[in-house]
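Readers should treat all values here as calculations from the given coordinates under stated rules, not as data from a laboratory. In this text the structure is predicted, and so the values were computed from the model without any measurement. A quick note on method: Cβ atoms are made from the backbone with ideal geometry, for glycine too, and the neighbour counts reach across all protein chains shown.
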Amino acid sequence: MIEVSELTKRYGRTTAVDSLSFSAGAGEVTGFLGPNGAGKSTTLRMMLGLCEPSGGTVTVGGCAFRERRRGLRHVGALLDAGQVHPGRSAGAHLHALARSNRIGRKRVASVLEEVGLAEVAGRRAGGFSLGMRQRLGIAGALLGDPPVLLFDEPLNGLDPQGVLWVRSLFRRLAGEGRVVLVSSHLMAEMEHTADRLVVIGRGRLIAQESVAEFAARAAGAGVSVRTSDAVDARVLAGVLTAEGASVREVGGAGLRVTGISADRIAQLAFAHGLLLGELTTHAASLEQAFLQLTADSVEYPTGAP
């Protein structure tokens with residue numbers, strides 16, 4: 001479990017992370033999203049003890065990462081695929097990491113095979129493409145077989161096959177009961193990969209919920225409901241409002257509902273003996289929801305097209 005509590009980071013007069021609190025649990029992929037300059041990379045660096053918080057705390061598995069003697073056995077991370085000495089081979093790079101954490105040579109061979117770099121293990125990293133460097137960074141994150149994994153923009157430079165492989169890898173790692181936190185700007189991939197989202201803007205929390213719940217908050221999303229008559233519609237509107245949904249009347253017996261799933265609407269209607277003649281979900285993409293709900297948090301907005 002990753003626990004972030006009131007985490008704050010200031011650089012002079014600039015507040016990069018502002019009283020941020022969220023958690024990421026085991027067994028699911030958590031997408032960590034936000035516009036450029038939102039504070040995502042700074043937050044990840046504080047998780048790993050690479051920069052000191054101005055306030056608040058962040059723990060991984062119940063304690064600060066700096067307290068771990070063999071860090072790679074507890075947390076694996078890819079923050080910057082370019083942070084590899086260009087004159088060092090892929091194999092040498094991973095062997096150095098392994099020795100510093102008392103990890104055997106067989107594990108190095110295993111992760112090189114897993115990321116598809118076994119045949120180029122002797123090549124210098126300086127000659128690698130961006131996609132190959134990403135694979136090497138992922139190998140480094142996997143090296144200690146850790147229960148917690150952090151990835152910052154892991155899909156940059158990968159071809160379509162590589163993107164599919166990474167998607168499958170993240171799902172498998174989460175299925176094994178690990179914590180997987182992924183920061184990415186590729187909304188379509190997060191829509192297919194993440195179970196839950198943590199969305200921040202200007203260093204503050206905007207949302208912490210499932211992908212479906214976040215997308216449902218976008219304008220245009222929601223559920224159309226039609227009951228047998230206007231009386232039942234008013235009754236159902238009251239029931240749904242009590243559940244925290246937003247309800248708008250559409251005609252005599254129709255409702256437009258946001259903030260609650262179609263399945264839950266059906267359950268509540270059944271529980272109150274209300275007959276439904278229509279129950280239609282109007283989905284919004286994760287990208288649409290992200291653009292709408294983070295619009296006020298964009299640091300350098302562009303002009304209208």
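Starting from the Cα-Cα distance between Arg105 and Ser54, subtract it from 0.36 nm times their residue separation and give me the gain in nm to one decimal.
14.4 nm
Quick one: if you stick a label point 7 Å off each Cα along the C-beta vector at Thr14 and Ala96, how many nm between them?
Result: 2.9 nm between the two label points.
Can you list the HN-Hα couplings for region 75-83, worked out from phi with the Karplus curve (6.51, -1.76, 1.60; θ = phi - 60°), rounded to whole Hz and with x for Gly and Pro?
Each residue's phi maps through the Karplus curve to give 9, x, 9, 10, 9, 8, 5, x, 8 Hz.
With a point put 7 Å past each Cα toward its Cβ, work out how far Glu209 is from Val231 in nm, to one decimal.
3.4 nm
Can you put Asp232, Asp296 in order of Cβ neighbours within 10 angstrom, beginning with the fewest?
Asp296, Asp232
Looking at the chain, identify the longest residue range that excludes and avoids all trypsin sites (Lys or Arg not before Pro) in DSSP loops having at most 11 other Cβ atoms within 10 Å.
103-305
Using θ = phi - 60° and the Karplus curve 6.51 cos²θ - 1.76 cosθ + 1.60, what whole-Hz ³J(HN,Hα) does each residue of region 141-153 get, with Gly and Pro shown as x?
5, 7, 3, x, 6, x, x, 10, 10, 10, 10, 10, 6
How much net charge surrounds Gly62 when only other residues with a Cβ under 12 Å from its Cβ are counted (Lys, Arg +1; Asp, Glu -1)?
Charge balance near Gly62 sits at -1.
About the Cα centre, and with charges only on the beta carbon of Lys, Arg (+1) and Asp, Glu (-1), how big is the dipole of the chain? Nearest 20 debye, please.
1560 debye
In which sequence would Met132, Met1 go, from the one with the fewest C-beta neighbours within 10 Å to the one with the most?
Taking fewest neighbouring Cβ atoms as first place, the list is Met1, Met132.
Between the alpha-carbon centers of region 48-73 and region 233-266, tell me the distance in whole angstrom.
Value for the Cα centre distance between the two parts: 45 Å.
Note down the nm distance, to one decimal, between modelled labels 7 Å out along Cα→Cβ at Asn36 and at Ser168.
3.4 nm
Which longest run of the chain has no exposed loop site in it, a site being GluC sites (Glu not before Pro) in a DSSP loop with at most 15 other beta carbons within 10 Å, and the site itself not part of the run?
1-175
Roughly speaking, what is the centre-to-centre gap between region 1-42 and region 168-200 when only Cα atoms are used, to the nearest Å?
If you average the Cα positions of each part, the centres end up 16 Å apart.
Under the rule of at least 5 residues apart or a separate chain, name every residue whose amide H is placed under 5 Å from the amide H of Val198.
Distant-sequence amide H within range of Val198: Gly31, Phe32, Leu33.
Grab the DSSP H runs of the chain that are 4 residues or longer, score each as -39,500 (n - 2.57), total them, divide by all residues and round the 222 nm result to the nearest 500 deg cm²/dmol.
Theoretical 222 nm ellipticity from helices: -10000 deg cm²/dmol.
What does the extension gain come out to for Ala242 and Ala283, with contour length at 0.36 nm per residue minus their alpha carbon separation?
12.5 nm
Farthest toward the dipole's positive end in the chain, which of Leu130, Met1, Thr43, given Cβ charges of +1 (Lys, Arg) and -1 (Asp, Glu) about the Cα centre?
It is Leu130.
What list do you get for Asp229, Asp195, Asp152 if you sort them by fewest beta carbons within 10 Å?
Asp229, Asp195, Asp152
Work out the FRET efficiency for Ser261 and Glu3 from their Cβ-Cβ distance, taking R0 = 35 Å, and round it to the nearest 0.05.
E(calc), rounded to 0.05, equals 0.80.
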